[in-house]
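Since every read-out is calculated from the coordinates, none of them should be taken as a lab result. What you are looking at is a predicted structure, and each value in this text was computed from that prediction instead of being measured. Positions of Cβ are generated from backbone atoms using ideal geometry, with glycine treated the same way; all protein chains shown enter the neighbour counts.
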């Protein structure tokens, strides 16, 4: 007896960077310089984020949601391009950062270059 299969909802194809994602990225780039005080290395979990970092993470959520087809399970979706962090062996958050920077027309220093730490 045949059954009717319900198609699975697939994530969008890689490479879909929407105008909304670029706009969110531009807002992230416009944030003021980080003023976080680094915690002692042995107590890194006690780090207190500055207003700029809090705003950056508040914007990162919507950016991740906008790029969910690209990276449904990788967090963070963008990261310091100089780091060699790679999520799941495929997604490179630094490469995504560079691509968003290229598409947004921004050549300003990265958020991480402007950090006070």
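Distance in nm between label sites at residue 51 and residue 4, each 7 Å beyond Cα in the beta-carbon direction?
5.7 nm
Figure the gain on full extension for residue 95 and residue 37 (residue separation times 0.36 nm, minus the Cα-Cα span) and round it to one decimal in nm.
Gain in length upon complete extension: 18.1 nm.
Using a basic spin-label model with each label point 7 Å from the Cα along Cα→Cβ, how many nm lie between residue 44 and residue 75?
Taking the simple label geometry, residue 44 and residue 75 are separated by 1.8 nm.
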